[in-house]
Amino acid sequence: MILTVTLNPAVDKTYRTGELFPGRVNRMRSVDNIPGGKGINVSKILRQYDYEVTATGFLGGYQGKWMEAQLDRLKIRSAFVHVEEETRSSMNIVADNGYVTEILEPGPHISEAHLKEFGASFIRLAEESSLIILSGSAAPGISADIYARLIRSAAAMGKKVILDTSGELLKEGIQAAPAVVKPNRKELEYIIGRRLQDREDVKDAANVLLASGIRMVMISLGDKGLILAREGRCLYARVPRVMAMNTVGCGDSVVASLAMSMTAGIGEEELLQRAAAVSAANATTLESGNVPLKLAEEMMKDIEIMEI
Ligand SMILES: Nc1ncnc2c1ncn2[C@@H]1O[C@H](COP(=O)(O)OP(=O)(O)OP(=O)(O)O)[C@@H](O)[C@H]1O
Ligand SMILES: [Mg+2]
């Protein structure tokens, strides 16, 4: 079983309208609701490939109940800590004139008692998991060292962790040396504290992380490709040109693919090739966390891998 952690899940609401006017009444033509949050997206992709997944984190209120029902329908086991405040919504307003407006709520406040409950539950869940994925941002009230603490308690049980987050959560998390990190270029620049111009720069930055005890660094560069760095080796995957519909969640598909390859014991080249194919295929669909499986398989042969 693979365990995913989503500390601040969201009901992702996509609205469609002609044009959005600030300060006026805006009637939407339609709305779609899907369970969201990075760890949940990763879980959805793993389920598409028939992997057994448990999702944990915090859920609250009616939206939390709705999320659990949706996860149940997707056959994702949910093991969330329940909080009093409502789980957040993330609104994506897509207008016919091409503007996309996002409205992101902060999420429920997490108390010390809830954090304690979560810590204990995490240890039980980690025990029965083969791999742990920590993804996304944290809700208010959670300190920046949360991932570092989870990584350390997983390591004490001999469990591997993949970390995919940003800012201080990532900076602190790295201190605990997770098995794998998956920053995008901006996230890596934040950790290193300087701009990264080319692939050589990215490789040097990856080596800094490897020197701190991380076993594998996967850096995603959007449509510019994907880099895998391990001790003494750095590989680059060029991604094929696709009709990109929605690239939000492409990073989540890289993480899901990585987790599957690690579970199956797949070697570096193929692992990178698969991650590039799955994420490029994900870019072609509107819904994030939905990979067209056949297309991903077909794309495998179009991914060029080179040593850098
Ligand atoms: N336009 C695109 N065409 C082909 N592949 C893409 C495109 N955008 C992203 N990808 C693939 O998805 C991977 C991850 O994308 P990206 O670097 O944007 O992740 P991210 O910034 O972490 O995204 P998110 O956090 O929203 O999931 C890329 O390395 C690439 O393999
Ligand atoms: Mg990302």
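Nothing in this text is a laboratory measurement; each read-out follows from the coordinates by a stated rule. The structure presented is a predicted model; accordingly, all values stated were derived computationally and were not measured. Every residue, glycine among them, receives a Cβ derived from its backbone with ideal geometry; neighbour counts consider all protein chains shown.
Side notes on the structure shown:
- Taken over the alpha carbons of the chain as equal point scatterers, the Debye sum produces base-10 log I(q)/I(0) values at 0.15 Å⁻¹ of -1.23.
- Selection from Gly39, Gly98, His114, by position along the positive dipole direction of the range 1-122 (Cβ): Gly98
- The alpha carbon convex hull volume per residue for the range 116-262 rounds to 124 Å³.
- Ordered by the number of other Cβ atoms lying within 10 Å of each residue's own Cβ, fewest first, Ser129, Ser166, Ser143 fall into the sequence Ser143, Ser166, Ser129.
- Exposure proxy ranking, count of Cβ atoms within 10 Å, fewest first, for His114, His109: His109, His114
- Counting only Cβ charges, +1 for Lys and Arg and -1 for Asp and Glu, the dipole size of the range 111-222 around its Cα centre is about 180 debye.
- Spatially proximal lysines relative to Lys75 (Cα-Cα < 20 Å; intrachain offsets below 8 disregarded): Lys38, Lys44, Lys65
- Calculated log₁₀ intensity ratio I(q)/I(0) where the Debye formula runs over C-alpha points of the range 20-163, q = 0.13, 0.17, 0.18 Å⁻¹: -0.66, -1.03, -1.13
- Exposure proxy order (Cβ contacts within 10 Å, fewest to most) of Arg194, Arg233: Arg194, Arg233
- Local electrostatic count at Leu134 - Lys and Arg +1, Asp and Glu -1, tallied over other residues with Cβ under 11 Å: +2
- Spatially proximal lysines relative to Lys203 (Cα-Cα < 24 Å; intrachain offsets below 8 disregarded): Lys160, Lys171, Lys182, Lys186, Lys224
- Beta bridge orientation in the chain: antiparallel %, DSSP, nearest 5: 45
- Label-zone membership for the range 182-196, site Arg230, 7 angstrom Cα→C-beta point, backbone N under 16 Å: 182
- Remark: the chain carries a charge dipole of roughly 100 debye about the Cα centre, counting +1 on each Lys and Arg Cβ and -1 on each Asp and Glu Cβ.
- Amide H contacts for Ser89 (H built 1.01 Å from N in the peptide plane; partners 5 or more residues away or on another chain; cut-off under 5 Å): Val11, Glu105.
- Cα-only Debye scattering, the range 1-92: base-10 log of I(q)/I(0) at q = 0.22, 0.26 Å⁻¹: -1.00, -1.27
- Kyte-Doolittle mean at least 1.6, axial Cα span of 27 Å or more - DSSP H helices of the chain: none
- Kirkwood Rh in Å, taken over all unlike Cα pairs in the range 179-308: 14.6
- Only helices enter the 222 nm calculation for the chain: every DSSP H run of n ≥ 4 contributes -39,500 (n - 2.57), and dividing by all residues gives -12000 deg cm²/dmol, rounded to 500.
- For the range 179-308, the share of DSSP beta bridges that are antiparallel, to the nearest 5, is 80%.
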